[in-house]
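Below: one structure, written as structure tokens.
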Amino acid sequence: MSRQDKLDPPTIDRGFRGAPEEHALEVDLRLKLSETAGLQVDLPRARARRRPTKSELSRLACRIYDARRARDKLLDKALFGEPAWDILLALYCLPARGEMLRSTALAYASNLSCTTGLRWECILAERGWIERGPKELPLRKQFFRLTAHGRFQIEQYLSRIYLAQTPVPPFPERAGG
């Protein structure tokens, strides 16, 4: 008989040691961990349940627009230039506030020079994001607005931002955020 035949088989540790109360505590802990894992799996589904309303998206766009204008006042705006985004944000949120924008007003609202604003207005119009009208008026009197394509794209983006920052039940909203 070899020495290997005399070895005792290893014992299997099931993880339960101590008094029955400790066993119950460990089982409860494992169940809570399973429940938490289940909530994390359900989280994306819960977020997908309801799309934000147009009003919610408009408020979000206005908050982003206002934050960008405040940033331009405090920091060197040349470092943070995104003229196309500023124009699109202005055309999304300012008409909701009752402001219709011609070329000069749109450049001013986007914190751009008139020449830079005009150049970006042409680019965005060529790409089908914005349009001007009514066509019967002279160019300097026509207003700008988002096209259906432009509005759809902006709302898709804003919806993603909105859903990323909205707390999902059963989690309470964080204090101060």
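All of the numbers you see were taken from the coordinates with simple rules; none came from a lab. What you see is a predicted model, and the numbers here were worked out from it, not measured in a lab. Positions of Cβ are generated from backbone atoms using ideal geometry, with glycine treated the same way; all protein chains shown enter the neighbour counts.
Summary of values
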read-out	value
Subset tally (residues that are touching a Ser or Thr at 6+ places or on another chain (Cβ under 7 Å), surrounded by 16 or more Cβ atoms within 10 Å (Cβ to Cβ) and among the hydrophobic types (A, V, I, L, M, F, W, C)) for region 72-113	4
Residue match in region 115-126 (condition: without any contact (Cβ under 8 Å) to a residue 40 or more places away in the chain, touching a Pro at 6+ places or on another chain (Cβ under 7 Å) and of a type outside the set (S, T, N, Q))	yes
